Amino acid sequence: MSAGARGDAPVRQGHGVVAAEQDTLLVQRARDFLTAGPADSAALMSRVCQLPGTPAPVAEHLARTLLGGRPEFVIDEVGRWALRPAAAMVSGEGGHADRPLSEERFVVVDVETTGGRALHGDRVTEIAAVAVENGDVGEIYSTLINPQRSIPPWITSITNINWEMVRDAPPFADVCARITAMLDGRVFVAHNAPFDWGFVGAEVARASGLKLEGRRLCTVRLARKLLPQLPRRSLDMVANHYGVEITARHRAAGDAVATAHILLRLLGDAADRGYETWAQIDALLSTSTTSRRRRRPSGFPQSARDAEGS
């Protein structure tokens, strides 16, 4: 799911992250058709599946099979299919928009990779996921990943991950269920979230055919808003500001655990300034910020991918 121009902005999902079915041509046709207004199952399936004259019970079964469970589609009071209003998609039926952030469940993710192009051949070599809830750091899951391709020497010089270390590690497909279980229902958090979200999403899609959907929060963007006095919002600089120790820099677990503690400090600072709900944080992050980020080659990995995200 694209986050549009805001890159790592929270997406329109009622609860936390879920692994959902990939959009198909038929789902896209349904979405396009319903932009004109609600329609009954017969009319909808006639257009979407190009099956004019389909009996109503069959059309109803097809519509529920195709669209049932997808949050953007609803059935109105007279039984017609419709697109959920945008406001409802933002706030979510779970009411997360006004829920105190102290009650949210987060998962902080960090990946190490073979490069910076998630959709053009680069793969994950290590992943960590750290649960954060009730104001504390909880479960930590971390594993090396066999990327099923070579690791460039300059990547190894930064991450210290080489082929010998990952040769016998599981491929992502073998840990995909474990990862998605950690993500399920939680807000996805990372330091430079578009990078980690892009790689995790690509690996999940490759391994399972599912796509990740859900809210996500970037600690780089939040730090830009709350810590404007810092010359950069790199992980090292923000950690130093808060006195957070990074036990293993440029390794997934070390960076993810540090980011989890940074998240708690940032949320505390946000609450002190009156930003206590998801809607308030979303509004804060929606305001424009003048960026002085330097452009870097897109092939750079996490550690050098972004002047502030590294």
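The values are calculated or read from the model by the stated rules, or taken from the named source; none is laboratory data. A quick note: this is a predicted structure, and the numbers were derived from the prediction, not measured. Cβ sites come from the backbone with ideal geometry, for glycine too, and all protein chains shown count toward neighbours. These accessible areas exclude ligands, DNA and RNA; they are computed on the full protein's heavy atoms, side chains included. Shrake-Rupley method; radii C 1.70, N 1.55, O 1.52, S 1.80 Å.
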Among the numbered criteria (1) under 19 Å from the mean Cα position of the chain (by Cα); (2) crowded, with 18+ Cβ neighbours inside 10 Å; (3) at pLDDT below 95, which one does VAL124 miss?
(3)
If I ask for residues that are outside any loop (DSSP other than H, G, I, E, B), farther than 19 Å from THR113 by Cβ and open to solvent by 10 Å² or more (accessible area, probe 1.4 Å), which ones from the range 237-258 would you list?
MET237, ASN240, HIS241, TYR242
Count, please, the residues in the range 144-172 that happen to be outside any loop (DSSP other than H, G, I, E, B) and surrounded by fewer than 19 Cβ atoms within 10 Å (Cβ to Cβ).
8
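Would you confirm, using the coordinates I've provided, whether ARG224 is touching a Phe, Trp or Tyr at 6+ places or on another chain (Cβ under 9 Å), open to solvent by 40 Å² or more (accessible area, probe 1.4 Å) and more than 28 Å from ASN162 (Cα to Cα)?
Answer is no for this residue.
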Give the number of residues within the range 102-116 that are without any contact (Cβ under 8 Å) to a residue 60 or more places away in the chain and either part of a loop (DSSP other than H, G, I, E, B) or surrounded by 21 or more Cβ atoms within 10 Å (Cβ to Cβ) (or both).
0
Would a scan of the range 126-141 turn up a residue that is part of a loop (DSSP other than H, G, I, E, B) and touching a strand residue (DSSP E or B) at 6+ places or on another chain (Cβ under 7 Å)?
no
Name the residue, out of PRO38, PRO57, PRO71, PRO52, that is modelled with pLDDT under 75 and over 15 Å from the mean Cα position of the chain (by Cα).
PRO71
Out of ALA279, ALA207, ALA270, ALA304, report the one residue that is surrounded by 15 or more Cβ atoms within 10 Å (Cβ to Cβ) and at pLDDT 90 or above.
ALA270
